[in-house]
Amino acid sequence: MPRKSKASTRSPLLPLPLVERLLSAAMSRGAEFAEVYVERNTSTAAMLDEGSIKSAQSGSVTGVGVRAIRGAQVGYAYSDDLDEAALLRTAQTAALIADGNREPGPVNMSRTPLPTHYQVRTPLASIDVARKIELLQQADSAARAYDRRVKQVTGAYADQTREILVANTLGHLAEDRQDLCRLSVQCVAFGKNGERRTGFYGGGGRVDFRFFEDFSPGQVGREAARQAVATLGAVPAPSGPQTVVLAPGWSGILLHEAVGHGLEADFIRKGTSLFAGKLGEKVASELVTVIDDGTVAGGRGSINVDDEGNPGERKVLIENGVLKGYLYDHLNAKLTGQRSTGSGRRQSFRYAPLPRMTNTYLAPGDQTPEEIIGGVERGLYCRQFGGGQVDISNGNFVFEISEAYLIQGGEITKPVKGAMLIGVGPEALKNVSAVGSDASHDPGLGTCGKDGQAVPVGVGLPTVRIDNVTVGGTGA
Amino acid sequence: MKLLDTCELLVTLARKAGAAEAEAYAERTREASVRVRDGEVEELHQASSKGIGLRVICGQRLGFTYGTDLSKDGLKELAGKAVALAKGAAKDPANGLPRGAQLGPRAHENVRDAVVLRKHG
């Protein structure tokens, strides 16, 4: 059960009377809607390379973004000078998107009580940097100790404590503190004849620093090393259409890229997504239920409130194969007569919000992973996804599988190298022929980029079998 | 406060906090853009920002901090944090700020004079 957050006892990021004056200034030329977004973000990052901490940095940035909207026209201005005169100038600039004159009425703001989906008691920004560096050193030792063929190890730790305040002329006022951290390790294993394989693992989320007592740096280092070593001596991947089985967790990146983006309301409104106008239609196998959920406890993509002041929600996007809904921010919802789904997110106060995903996953089915793999006579088991590319307009995707194995006679056998999954998102969805009961989220690794804005997201998938996927490989 | 004064103050604070070498970099930016579609302004964007970054070196160890709070308290915090970060980093003999001839032919002038010279031609 989500707990209700206590009323904030600290003073707001910006005095509320000033926030109201800024809203009035942004409306002064006849805009229909105005919004003030205040953000303070303190972040720390450290990098370990070749056994030593190569860099450690930290920074704190505060700023205010003001948005004025008339129709589909948007005026956006920001300032990191919190001086009243500078902020009023900022609001007046955003107001210029409208060209009339108007005496705006008073704005009566009321705080929306929010559930809380993350309980971070000690802000990550206040944890001593020495403890963060220690995580990296432990992960590095564990990766090297795993196997002597593991040679190059790099580790990264990053966290942030981000406080936001959003107020708008609809009277909404919301505040949230969003802490986020991530520890990751990449390593290279060297085999015979100059063979090199890489491994990558890590995780985190909107969690207390204590999280790393369970999700230990040793475990992170060993898993990265295991991946690198596991595929040494791999044979070339067989090419051509075949049955593939995706391992649970991070494989959800495929769903995020090949389906999720196409359900974002800006692409829907502009008609550039192939899912536009298909509500109520069957777009996937009936085994497929896709959910975007901003309320996952401690999830990397979770939000108590989005960057427009609307509460994070759990949205069913595809249910038993039928398209049920899209992801709406305020602007695109308004323009198409819908309501916001709490999907308006932005990288920082320097950007206007866009409709974005939070934690996107495939709901579990009823088969065990063993049953799913056991039913495949000949196929490919994709344990770890590497990088990939997707064209949102047609759903075409290409993904590199960094750790893959042959499935022969219902069993996972030899590791293969150089496997690429090539396909079209909606086609792949229709070809889903088994969904496992092993619901799984990724460990907290993902950052999604869109229009130059990066936001943290979660992905997830149980074990899934997809028929007739084209695999690019160099083997026969 | 002028950016140059802010930088000088931050370098002084960093040395007080224990940095053997310190370098401050400050900038102030204003930018504007307008996008027009079919004769209508679709998007108007304006930004003003300022910020300061600090690099410190203590015993061949490097620390880096940045921030937007240019008040004296804000700068003090940056200086303290940068030195603390450097203490956690590894030694690297390549860490060091340029000095002497590395600074070019005007190395003998102090920074403030160089700025004045450039301003007046």
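The values are calculated or read from the model by the stated rules, or taken from the named source; none is laboratory data. Values in this document were obtained by computation on a predicted structure and should not be read as measured data. When we count neighbours, we look across all protein chains shown, and the Cβ atoms used for this are built from the backbone with ideal geometry, even at glycine.
Per the listing B:VAL11, B:VAL56, B:VAL41, B:VAL36, the residue uniquely of a type in the set (A, V, I, L, M), at the interface with chain A (Cβ under 9 Å from one of its Cβ atoms) and out of contact with any Ser or Thr (no Cβ under 6 Å at 6 or more places or on another chain) is B:VAL41. Reported count of residues in the range B:59-82, each being away from chain A (no Cβ under 11 Å) and within 16 Å of A:SER60 (Cβ to Cβ), is 5.
Test of understanding: among A:GLY218, A:GLY262, A:GLY202, A:GLY280, which residue is touching a Ser or Thr at 6+ places or on another chain (Cβ under 7 Å) and at pLDDT 95 or above?
Numbers: A:GLY218 fails: touching a Ser or Thr at 6+ places or on another chain (Cβ under 7 Å); A:GLY262 fails: at pLDDT 95 or above; A:GLY280 fails: touching a Ser or Thr at 6+ places or on another chain (Cβ under 7 Å).
Sole residue among the options that is touching a Ser or Thr at 6+ places or on another chain (Cβ under 7 Å) and at pLDDT 95 or above: A:GLY202.
Would you mind stating whether B:LEU85 is facing another protein chain (nearest Cβ under 8 Å) and touching a Leu at 6+ places or on another chain (Cβ under 7 Å)? Considered against the rule, which asks whether it is facing another protein chain (nearest Cβ under 8 Å) and touching a Leu at 6+ places or on another chain (Cβ under 7 Å), B:LEU85 comes out as no. Among the residues in the range B:68-88, are any among the basic types (Lys, Arg), under 27 Å from A:ARG162 (Cα atoms) and buried (at least 20 other Cβ atoms within 10 Å of the Cβ)? Looking through the range B:68-88, at least one residue is among the basic types (Lys, Arg), under 27 Å from A:ARG162 (Cα atoms) and buried (at least 20 other Cβ atoms within 10 Å of the Cβ). Of all residues in the range A:433-455, those that are at positive phi have Cβ atoms under 8 Å from Cβ atoms of residues that are basic (Lys, Arg), 6 or more apart or on another chain, in A:GLY444/A:ARG182; A:GLY444/A:ARG300.
Taken over the range A:252-282, the criterion of being surrounded by 24 or more Cβ atoms within 10 Å (Cβ to Cβ) and part of a loop (DSSP other than H, G, I, E, B) is satisfied by A:VAL259 alone.
So, in the range A:353-366, exactly how many residues are closer than 20 Å to A:VAL36 by Cα and either in contact with a helix residue (DSSP H, G or I) (Cβ under 8 Å, 6 or more places away or on another chain) or at pLDDT below 95 (or both)? Before you say what the answer is, go through the steps one by one.
First pass over the range A:353-366, keeping only residues closer than 20 Å to A:VAL36 by Cα: A:353-356.
Now drop any that are not either in contact with a helix residue (DSSP H, G or I) (Cβ under 8 Å, 6 or more places away or on another chain) or at pLDDT below 95 (or both), which leaves A:353-355.
The number of residues fulfilling the criteria is 3.
Inspection of the range B:3-19 finds a residue satisfying the criterion of being more than 11 Å from the chain's Cα centre (by Cα) and of a type in the set (Lys, Arg).
Per-residue answers, yes or no, for (1) under 30 Å from A:TYR381 (Cα atoms); (2) touching a His at 6+ places or on another chain (Cβ under 8 Å); (3) in a strand (DSSP E or B):
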position	(1), (2), (3)
A:GLN178	no, no, yes
A:ALA189	yes, no, yes
A:TYR201	yes, no, yes
A:PHE212	yes, no, no
A:GLN219	yes, no, no
A:VAL229	yes, no, no
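Out of the residues in the range A:28-45 that are over 24 Å from B:LEU70 (Cβ atoms) and buried (at least 24 other Cβ atoms within 10 Å of the Cβ), which is farthest from the chain's Cα centre (by Cα)? If we take residues in the range A:28-45 being over 24 Å from B:LEU70 (Cβ atoms) and buried (at least 24 other Cβ atoms within 10 Å of the Cβ), then A:ALA31 is farthest from the chain's Cα centre (by Cα). When residues in the range A:188-222 are screened for being farther than 20 Å from A:ARG300 by Cα and charged (D, E, K, R), 5 of them pass.
Just wondering, is there one or more residues in the range B:27-45 that are touching a residue at least 24 places away in the same chain (Cβ under 8 Å) and out of contact with any Pro (no Cβ under 7 Å at 6 or more places or on another chain)?
yes
Taking the options A:ARG148, A:ARG162, A:ARG121, name whichever one is among the charged types (D, E, K, R) and in a strand (DSSP E or B).
On the way: A:ARG148 fails: in a strand (DSSP E or B); A:ARG121 fails: in a strand (DSSP E or B).
None of the others qualify; the one that does is A:ARG162.
Filtering A:ALA68, A:ALA158, A:ALA94, A:ALA130 for residues that are of a type in the set (A, V, I, L, M), more than 17 Å from B:ALA32 (Cα to Cα) and surrounded by 14 or more Cβ atoms within 10 Å (Cβ to Cβ) leaves a single hit, A:ALA158. Whether any residue in the range A:78-101 is touching a strand residue (DSSP E or B) at 6+ places or on another chain (Cβ under 6 Å) and part of a strand (DSSP E or B) is what I want to check. Yes, that holds for at least one residue. Pairs linking a residue in the range A:106-130 that is touching a residue at least 60 places away in the same chain (Cβ under 8 Å) and within 14 Å of another protein chain (Cβ to nearest Cβ) to a residue that is assigned to a loop (DSSP other than H, G, I, E, B) and surrounded by 12 or more Cβ atoms within 10 Å (Cβ to Cβ), with Cβ atoms under 9 Å and 6 or more positions apart or on different chains, are A:ILE127/A:PHE209. List every residue pair whose Cβ atoms lie under 7 Å apart, where the two residues are 6 or more positions apart in sequence or sit on different chains, the first residue falls within the range A:46-73 and is free of Cβ contacts under 8 Å to residues at least 60 places away in the same chain and more than 7 Å from chain B (Cβ to nearest Cβ), and the second residue, located anywhere, is among the polar types (S, T, N, Q) and outside any strand (DSSP E or B). Within 7 Å, the pairs are A:VAL66/A:THR90.
Taking the options A:GLY460, A:GLY446, A:GLY425, A:GLY473, name whichever one is more than 23 Å from A:PHE275 (Cβ to Cβ), surrounded by 17 or more Cβ atoms within 10 Å (Cβ to Cβ) and not polar (S, T, N, Q). Before the answer, list the steps.
On the way: A:GLY460 fails: more than 23 Å from A:PHE275 (Cβ to Cβ); A:GLY446 fails: more than 23 Å from A:PHE275 (Cβ to Cβ); A:GLY425 fails: more than 23 Å from A:PHE275 (Cβ to Cβ).
Unique residue meeting the criteria: A:GLY473.
With respect to the conditions (1) touching a residue at least 40 places away in the same chain (Cβ under 8 Å); (2) over 18 Å from A:ALA46 (Cβ atoms); (3) not polar (S, T, N, Q), A:LYS151 lacks only one, and its number is (1). Against the conditions (1) surrounded by fewer than 18 Cβ atoms within 10 Å (Cβ to Cβ); (2) farther than 25 Å from A:ASN41 by Cα; (3) in contact with a Ser or Thr (Cβ under 8 Å, 6 or more places away or on another chain); (4) within 11 Å of another protein chain (Cβ to nearest Cβ), A:ALA86 satisfies every one except (2).
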